[in-house]
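Here the structure comes first, spelled out in structure tokens, and everything after it is commentary.
FYI, it's all coordinate maths here, none of it is from the lab. For clarity, every value in this text was computed on a predicted model and none was experimentally measured. So basically every Cβ, Gly included, is an ideal-geometry build from the backbone, and we count neighbours across all protein chains shown.
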Amino acid sequence: MGGIWMEVTYRRNIGKSFMVISGICMQLDYQIEMCRRNRIHPFLEFETIVADGRMEYWYDITGRQSLEEFIKHRKLGYQELRKLTAAIRAGIEAAENYLLKEQSVLLSPE
């Protein structure tokens with residue numbers, strides 16, 4: 001994502017865990033509004049919050065584990081790799097159905 005600065009932090013409330021993405025160049029646009037107003041499987045749901053003049057995106061990650069952590073503790077076998085590629089494909093198809101740009105989808109093992 002050339003030219004876009006973003007910061008990822010993790011926060012916990014009572015019984016919930018959140019991944020918070022904030023950035024100075026991030027703003028509401030068609031794609032964000034489409035994701036915010038619709039439950040698009042397999043993407044994570046999020047809420048937008050403006051704090052200190054910066055836009056923040058709060059993702060509820062309660063009970064979830066990153067791919068990076070999963071691979072640290074287990075080998076990625078055939079079935080897991082198959083599920084991962086199927087989920088990526090489902091994400092691309094969902095993006096197309098909602099007229100979202102594929103390059104706007106962040107795939108990161110963290």
Separation between the Gln65 and Glu33 pseudo-spin-labels, each 7 Å from Cα along Cα→Cβ, expressed in nm? 4.0
As a Kirkwood estimate from alpha-carbon pairs, the chain has a hydrodynamic radius in angstrom of 15.5
Would you calculate the separation in nanometres between label points at Thr9 and Arg89, each defined as 7 Å from the Cα along the Cα-to-beta-carbon direction? 4.0
Provide the packing ranking of 40-46, 68-74, i.e. peptides ordered by the mean count of other C-beta atoms within 10 Å per residue, highest first. 40-46, 68-74
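Calculated from DSSP H runs of 4 or more alone, at -39500 (n - 2.57) each and per residue, what is the 222 nm mean residue ellipticity of the chain, nearest 500?
Working: 3 runs with 35 residues, N = 110.
Result for the chain, helices only: -10000 deg cm²/dmol.
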